[in-house]
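The values are calculated or read from the model by the stated rules, or taken from the named source; none is laboratory data. Small disclaimer: the values here were computed from a predicted structure and weren't measured. Cβ sites come from the backbone with ideal geometry, for glycine too, and all protein chains shown count toward neighbours. Note: areas computed on protein heavy atoms with side chains; ligands, DNA, RNA excluded. Shrake-Rupley method; radii C 1.70, N 1.55, O 1.52, S 1.80 Å.
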Amino acid sequence: SPSIEIMSKGQYHRNDLIGKSMYDFYPNTEERQALLSALQERGSVTDFEVTLRNRDGSQIPCSISSKIRFDAQGRPEKILGSMRDITKRRQAEEKLIKSEGKFRAIFDNASDGMFLVDLNARKFFMCNAACAKMLGYAQEEFLTLDIADIHPGEDMHFIGEQIGKFSRGEEGIRSDMRFKRKDGSIFAADLSPALLTIAEKKYLLIIFKDITERRRAESE
């Protein structure tokens, strides 16, 4: 069942929630579908950020951790999980980022693609216009994606290992990597990573540049 404590901070009470579909509480259908897709693909999610709607229409940023429970025949039976209100965390993150005027100006206006990855949730936290354009997505759409959506499937084991090394402070992530656009096409990119701490959370900053033309010239 949903976390009653979170909902009751607004106008919901237990009797308002029991028997209702969780679909009733998602104002953003893309977020809901992204969560369901992640559950179907991985069987569980940890610290998956979504926005839920309160009875009065206000919206609550939440973090969901859940997993699919299967019956004896291996069929999905129910989803077990918990959620927590991350309003204060989100406000702290936004306040800190907005206060970093130089970083934000450089980030937003850079010609190279740039994005931030939340290392705990393995989800995108920010992206600039160049990143979204290079990969064929709107910026809002890009932030609903998973890391696996922007890289070829056969590269994901290696990428997962590299991100794990980087999050532990070890040397990882090489200077070139393959990216996948929304239309499925693949391109090689020169990549520069950096580890940032924002509101006591670790983020991986990735700066990348399409080097397709450079590779073609080298080949010729």
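First compute the accessible area of the range 107-220 with a 1.4 Å probe, then give the percent of it belonging to carbon and sulfur atoms.
Details: 2720 of 5830 Å².
The nonpolar share, carbon plus sulfur, comes to 47 percent.
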Can you give the FRET efficiency to the nearest 0.05 for I106 and R84, using r as the Cβ-Cβ distance and R₀ = 22 Å? 0.10
Scale the Cα Rg of the chain by the rule-of-thumb value 2.2 N^0.38 Å and send over the ratio, two decimals. 1.13
Could you pull out every one of the aspartates and glutamates with an alpha carbon less than 16 Å from that of K88, ignoring same-chain neighbours closer than 8 positions? E5, D47, E49, E200
Can you give me the accessible area per residue for the chain, using a 1.4 Å probe, in Å²? 58 Å²
Quick calc: nm separation of the 7 Å Cα→Cβ label points for I147 and S21 -> 3.4 nm
Give me the percent relative contact order of the chain, please, defined on Cα pairs under 8 angstrom at least 6 residues apart. 14 percent
Counting C-alpha atoms alone, how compact is the range 116-220: give Rg to one decimal and Dmax as a whole number, in angstrom. 13.7, 48
Report the label-to-label distance for I68 and A217 in nanometres (one decimal), using points 7 Å from each Cα along the Cα→Cβ vector. 4.8 nm
